[in-house]
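The values are calculated or read from the model by the stated rules, or taken from the named source; none is laboratory data. Predicted, not measured: the structure shown is a model, and the values here were computed from it. In this analysis, Cβ positions are derived from the backbone assuming ideal geometry, glycine residues included, and neighbour counts consider all displayed protein chains.
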Amino acid sequence: MHEYGIKPSELVGRKRGRSLAPVRYLHLESGQTWTGRGRRPQWFAGNDSRAFLVTRRELL
């Protein structure tokens with residue numbers, strides 16, 4: 001590798017797995033967020049999901 005000027009990072013493919021997902025839900029009281037992936041948070045249970053949807057304005 002040294003002889004040809006190849007870096008180890010050039011031999012490795014891209015990382016596998018999920019890409020970072022944007023935040024879709026926000027709990028205003030605690031500031032906790034959820035992307036919609038994985039288990040639902042406890043603060044989400046028993047509530048209407050539309051109440052926690054994030055708008056672009058809230059992210060700025």
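A few notes on this one:
- Matching residues, the stretch 29-50, being surrounded by 10 or more Cβ atoms within 10 Å (Cβ to Cβ) and of a type in the set (Gly, Ala, Ser): Gly36, Ser49
- Close pairs (6 angstrom Cβ cut-off, 6 or more residues apart or separate chains): more than 21 Å from Leu20 (Cβ to Cβ) in the stretch 30-46, exposed (fewer than 14 other Cβ atoms within 10 Å of the Cβ) anywhere: none
- Among the criteria (1) modelled with pLDDT of 90 or more; (2) exposed (fewer than 10 other Cβ atoms within 10 Å of the Cβ), the one Leu26 does not fulfil is (2).
- The stretch 6-41, residues that are within 17 Å of Val54 (Cβ to Cβ) and of a type in the set (D, E, K, R): Arg24, Glu29, Arg37, Arg40
- The number of residues in the stretch 24-51 that are of a type in the set (D, E, K, R) and not in a loop (DSSP other than H, G, I, E, B) comes to 1.
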